[in-house]
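Report on the following structure.
The values are calculated or read from the model by the stated rules, or taken from the named source; none is laboratory data. These numbers come from a predicted model, not from an experiment. Methodologically, a virtual Cβ is constructed for each residue, glycine included, from the backbone with ideal geometry; neighbour enumeration extends over all protein chains shown.
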Amino acid sequence: MDLKFTPEEIAFQNEVRSFIAENYPVALRGRRKIERELSKEEHLSWHRVLAKKGWVAPSWPLEYGGLSWTPTQKYIFSQELARAETVPLMPFGLMMVAPVIWTHGTQAQKDYYLPRIYQGTDWWCQGYSEPGAGSDLASLRTRAVKDGDHYVINGGKTWTTLAQHADMMFCLVRTDVDARPQSGISFLLIDMKTPGITVRPIITMDGGHEVNEIFLEDVRVPVANRIGAENEGWTYAKMLLGHERSGMAGVARSKHQLARLKQVARTNLDDGHPLLESSDFARKIAAVEIELLALEFTDLRMLAAESAGNSPGPESSILKIKGTEIQQRITELLIEAAGVYGAPYLRGMRLDGDNFPNVPPDLAGIAPEYFNMRKSSIYGGSNEIQHNIIAKAVLGL
C-alpha cells in the first residue's frame, strides 16, 4: 500500500531519506546483505547517530525525549529505514523496558536509566524465558530472596538475545513461592557485571551466536532496582510484552523483503522464463502481499491509538501472529525462488561471494535468513499462546 502524502509529509519523507543517505555509518552499508552478526559498537553506531539527531525514540513521551510525530510520520520513518536497509535498533531498551520504567519506575529510576537507554549507554537484554518456562512464563523458578537491602538471586534464563553484549538485564524473578504463579513474581533491573552472572552462547541452526543461556548464582541486586511493588512483576511483564509483540509486526521490513522476492523472481528462470511469470508462483506472492496489506492497515490503526496515548493491548497479539507468519512465508518463497542457490549452506558459513563465488549477490544470505526466521513464531510468546490470548481477551471466549 502506498499512502497519499500531503506536501508537508512528502517534505518530511525527503528529510528522513536525505538524513539517512548522509549520516548512515559507511561501515554498515550493505553489511546485512551478507551477514547478520555485527559487533556491539556496529549496532550502537547507528543508534547514537539517531540519538544525536533526536530521532532514536519518536514514540517516547515528549518529556523523556520523544517527538510529537503523527502516525503518518512514524510510518514514513519506518518505511525509509527499511528502504535504506539500516541495521534495526535493539528494541530491549528503547521499546520494551523504557515504557515500563517511565510508567511504573521511581523518579530516581527514570532519571538514571531513561537517558542512558536513549543515548545507547546501556545495552539491555531480556531475562524472561527459562528452561521449562518459555510460553508458560508464569511457571518460572529463578528465585530472589531478600537479604537486607538486596535480593539474592539463583536460577537461570535461556534464549536471551545478544546477552553477550548486554550491560543491563530486565529480569523476572520469583519472590513468593507460596503465591499462585502470577502473583509471586517481581521485576528487577540487573547490572550484568554483577558477580555470579555467567553468559554462555547457544549456537543456532543458522550458525550464528544470537542467543544465550544465563546462569545466576548468589547474585546480589539492590532492592532499589526493583520496578514497582514486590510480587507485582507479572503486571509490568504483561505491559512490556504488549510493546514487544506490537513491534514484531515488521511491516516495513517485510515490504522491503517482498520487493526483494519479486526482483529475485524476475531474474531467476523457470523453464527458460522468469519465475514471476509462473502463475503458480505469482499466486503465492499475491497471497502473501494481500496478507501484508491487511497487516499494514492494522499496524497503522495501532500507531494511531498509540499517538492518542493508548498502550498496546491484547490486539498486539494479532500483529505478532500475522507479522511473524508473513516474515516466515517470505523467506520460504525466497528459498523457493533461489532454487539451487538456496542449497549451498554450511553451519557457520555465510552464503556470500567469498565462500560461494557463483552465487548471485541478490541471493546472498537467503539460506541463513530462512533458518533464522523459523524462531519468529516462537519468541515473544509462541503464536499458539497468542491465539489463546486473542480468544480470551479480545473475543471473550
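Take V359 and decide whether it is assigned to a helix (DSSP H, G or I) and either modelled with pLDDT under 80 or at positive phi (or both). Steps first, answer last, please.
Numbers: assigned to a helix (DSSP H, G or I): no; either modelled with pLDDT under 80 or at positive phi (or both): yes.
Taking the combined requirement at face value, the residue does not satisfy it.
Yes or no, residue by residue, for (1) modelled with pLDDT of 85 or more; (2) within 23 Å of the chain's Cα centre (by Cα):
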{"residue": "D271", "(1), (2)": "no, no"}
{"residue": "K320", "(1), (2)": "yes, yes"}
{"residue": "E325", "(1), (2)": "yes, yes"}
{"residue": "L351", "(1), (2)": "no, no"}
{"residue": "F371", "(1), (2)": "no, yes"}
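Give the residues of the range 46-81 that are of a type in the set (G, A, S), more than 13 Å from Q13 (Cα to Cα) and touching a residue at least 12 places away in the same chain (Cβ under 8 Å), sorted by residue number. Walk me through how you get there before you give the answer.
So the first thing to find is which residues in the range 46-81 are of a type in the set (G, A, S), and the list is 51, 54, 57, 59, 65-66, 68, 78.
Narrowing the set further to residues that are more than 13 Å from Q13 (Cα to Cα) leaves 51, 54, 57, 59, 65-66, 68.
Result: A51, G54, A57, S59, G65.
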Go through (1) outside any helix (DSSP H, G or I); (2) under 28 Å from I203 (Cβ atoms); (3) modelled with pLDDT of 75 or more one by one and return the number of the condition L397 breaks.
(2)
All positions within the range 145-162 that are surrounded by 15 or more Cβ atoms within 10 Å (Cβ to Cβ) and farther than 9 Å from V219 by Cα:
H150, G155, G156, K157, T158, W159, T160, T161, L162
Looking at (1) buried (at least 18 other Cβ atoms within 10 Å of the Cβ); (2) modelled with pLDDT under 55, can you tell me which one A364 breaks?
(2)
Exception for I290 within (1) within 20 Å of A82 (Cβ to Cβ); (2) buried (at least 17 other Cβ atoms within 10 Å of the Cβ) falls at (2)
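V211 - would you say it is under 29 Å from E37 (Cα atoms), at pLDDT 90 or above and buried (at least 17 other Cβ atoms within 10 Å of the Cβ)?
On the way: under 29 Å from E37 (Cα atoms): yes; at pLDDT 90 or above: yes; buried (at least 17 other Cβ atoms within 10 Å of the Cβ): yes.
It is true that V211 is under 29 Å from E37 (Cα atoms), at pLDDT 90 or above and buried (at least 17 other Cβ atoms within 10 Å of the Cβ).
Here is a yes/no grid of residues against (1) over 30 Å from T158 (Cα atoms); (2) surrounded by fewer than 16 Cβ atoms within 10 Å (Cβ to Cβ):
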| site | (1), (2) |
| --- | --- |
| R29 | yes, yes |
| G66 | yes, no |
| E80 | yes, no |
| T86 | no, no |
| M90 | no, no |
| A98 | no, no |
| H104 | no, no |
Of all residues in the range 313-337, which are over 14 Å from N388 (Cα atoms) and of a type in the set (K, R)?
K322, R329
In the range 213-231, is there at least one residue being among the aromatic types (F, W, Y) and closer than 30 Å to M302 by Cα?
no
Could you list, in sequence order, the residues of the range 57-81 that are among the polar types (S, T, N, Q) and part of a helix (DSSP H, G or I)?
T72, Q73, S78, Q79
